[in-house]
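Visitor: The structure that follows is given in the form of structure tokens.
The values are calculated or read from the model by the stated rules, or taken from the named source; none is laboratory data. Computed from a predicted structure; not experimentally measured. Heads up, the Cβs are rebuilt from the backbone with ideal geometry, glycines too, and the neighbour counts pull from every protein chain shown. These accessible areas exclude ligands, DNA and RNA; they are computed on the full protein's heavy atoms, side chains included. Shrake-Rupley method; radii C 1.70, N 1.55, O 1.52, S 1.80 Å.
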Amino acid sequence: MMLTRVTLPSPSLLEISTFRTTNHRRRFRGGALSASAMADSSPRTVLVTGAGGRTGQIVYKKLKERPGEFVARGLVRTEESKAKIGGGDDVFVGDIRDAESIVPAVEGVDAIVILTSAVPKMKPGFDPSAGGRPEFYFEEGAFPEQVDWIGQKNQIDAGEDSAKAVGVKQIVLVGSMGGTNVNHPLNSLGNGNILVWKRKAEQYLAESGIPYTIIRAGGLQDKDGGVRELLIGKDDELLQTETRTIARADVAEVCIQALCFEEVKFKALDLASKPEGDGTPTTDFKSLFAQVNSRF
């Protein structure tokens with residue numbers, strides 16, 4: 001019998017905001033990798049949630065291209081998304097808002113890369129030639145509180161439960177820069193407070209005790225990766241510079257590299273890049289991650 005489950009699209013917003021939750025959570029007691037686990041050279045099973053989105057597709061594909069290191073697994077929102085990425089039995093269809101429905105996708109995985117996000121839609125009738133600004137809305141049941149908070153919390157909880165059974169050893173969560181400004185304009189889109197709910201999920205992960213890496217990307221661009229010098233920052237400092245964007249392909253590569261280095265566990269980083277042709281394309285990710293010194 002085929003199991004059916006849902007996830008929502010990958011992050012497509014440029015920047016995301018800060019919210020510090022006051023919830024105190026129980027700690028995962030198996031946090032650090034054991035020596036035997038680190039010595040195990042068998043391929044690790046990695047679940048990419050939001051695998052049907054623009055960034056999620058790239059992460060899923062990159063994992064598939066490294067079969068000696070990873071076994072790729074995907075979680076998408078619809079059967080159409082599953083077909084689009086050419087998924088077989090390794091791609092689940094499910095709803096991240098339904099905690100029970102995502103359990104089968106998480107079972108047996110070593111790591112989770114979370115790339116789900118609510119996506120605002122433009123209200124019809126906007127005429128750019130008439131001036132003014134477009135208005136946005138979120139579909140019923142797909143508001144940021146439901147997707148970016150409840151949906152991501154469900155994924156983290158599933159990972160935590162799996163970790164207790166010697167399963168999930170790391171969660172990589174992709175967010176966005178902009179979180180230090182609670183009055184950021186993106187919060188007003190569709191009255192969704194999207195940045196607030198995203199940041200709350202990040203805080204929840206940081207307090208879970210599961211080894212985590214939080215990647216807050218700058219403005220996402222649909223460009224080739226591997227041809228720019230990547231920049232690491234914290235606390236939205238990069239937003240005060242001219243280097244505030246990054247290719248989705250580079251974000252995807254950093255997600256995968258984050259699974260390979262102990263230096264970037266229990267860490268959070270802002271991520272952007274220099275323009276192509278300016279600087280040296282980043283290839284030494286160990287040195288890149290050595291620059292990360294923030295736990296949140």
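Visitor: Would you work out which of Leu205, Val46, Gly56 lies farthest towards the positive end of the dipole of the chain, given +1 charges on the beta-carbon of Lys and Arg and -1 on that of Asp and Glu, about the Cα centre?
Guide: Leu205
Visitor: Still on this structure, please answer the following. Over segment 180-278, one equal point on each Cα, no solvent: what is log10 I(q)/I(0) by the Debye formula at q = 0.20, 0.21 Å⁻¹?
Guide: -1.12, -1.19
Visitor: Pairs Lys62/Lys84; Lys62/Lys164; Lys198/Lys234; Lys223/Lys265: which are spaced more than 19 Å apart, C-alpha to C-alpha? Mind showing how you got there, number by number?
Guide: Working: Lys62/Lys84 16 Å; Lys62/Lys164 28 Å; Lys198/Lys234 16 Å; Lys223/Lys265 28 Å.
In this structure, Lys62/Lys164; Lys223/Lys265 lie more than 19 Å apart at Cα.
Visitor: Give the separation of the Cα centroids, segment 76-105 to segment 106-156, in Å.
Guide: If you average the Cα positions of each part, the centres end up 17 Å apart.
Visitor: Just to confirm my numbers, what's the Cα centroid distance between segment 249-296 and segment 172-219 in Å?
Guide: 18
Visitor: Using only DSSP helix segments of four residues or longer, with each worth -39500 (n - 2.57), what per-residue ellipticity at 222 nm results for the chain after dividing by its residue count and rounding to 500?
Guide: On the way: 8 runs with 68 residues, N = 296.
Theoretical 222 nm ellipticity from helices: -6500 deg cm²/dmol.
Visitor: Something else now. Determine the relative contact order of the chain: mean sequence separation of Cα pairs under 8 Å and six or more apart, normalised by residue count, in whole percent.
Guide: Numbers: 702 pairs, mean separation 66.7, N = 296.
Across the chain, relative contact order equals 23 percent.
Visitor: To continue, here is another question. Between Met122 and Ala165, with labels modelled 7 Å along Cα→Cβ, what's the label distance in nm to one decimal, could you check?
Guide: 4.5
Visitor: Tell me the net charge near Thr241. Cut-off is 12 Å between Cβ atoms, Thr241 excluded, with +1 for each Lys or Arg and -1 for each Asp or Glu. Let's see the in-between values first.
Guide: Values: positive: Arg244, Lys274; negative: Asp236, Glu237, Glu242, Asp270.
For residues surrounding Thr241, the net value is -2.
Visitor: At a 1.4 Å probe radius, carbon and sulfur cover how many percent of the accessible area of the chain?
Guide: Working: 6690 of 13420 Å².
Carbon plus sulfur share of accessible area: 50 percent.
Visitor: Let me ask another. So, for the chain, what is the accessible surface per residue at a probe of 1.4 Å, expressed in square angstrom?
Guide: 45
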